[in-house]
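For reference, the structure is listed below as structure tokens.
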Amino acid sequence: MRENSIEQAESHILNKKKEEKNGGGEGIKEKENSNYVRADKINLADLDAALERHLNRGKTPEHERRKMEEWEIDLGKVVLKNMIARGTFGTVYKGVYDGQDVAGWIFLPENF
């Protein structure tokens, strides 16, 4: 009976050492496939670089852009706000372009 108690105590001590080695606190057991990330394990430089790549995906570098025609507009300056109407071919929105009120029409893809 005493040997069983000693084995339990040794097992408990080994588990505590494993928790301390893995950075776990008292009573905290981390799962290997947990959805949580410890804050001290986050590399913010890598996150910033990944966010920058994500935000710039699909953007053409300045030196590769073609010159815009006179009738073209810069879509980066368009802000669509309230929906005005919806019809068979698309939806019309009230918006702002370069400080001016405009109407923007978004066509439904099935009409192309």
Worksheet item: Given (1) within 21 Å of the chain's Cα centre (by Cα); (2) modelled with pLDDT of 85 or more; (3) part of a loop (DSSP other than H, G, I, E, B), where does ASP48 come up short, assuming only one miss?
Response: (3)
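In the list ARG86, ARG66, which residue meets the criterion of being modelled with pLDDT under 85, among the basic types (Lys, Arg) and more than 26 Å from the chain's Cα centre (by Cα)?
On inspection, the qualifying residue turns out to be ARG66.
The values are calculated or read from the model by the stated rules, or taken from the named source; none is laboratory data. Given the structure is predicted, the values throughout are model-derived calculations rather than measurements.
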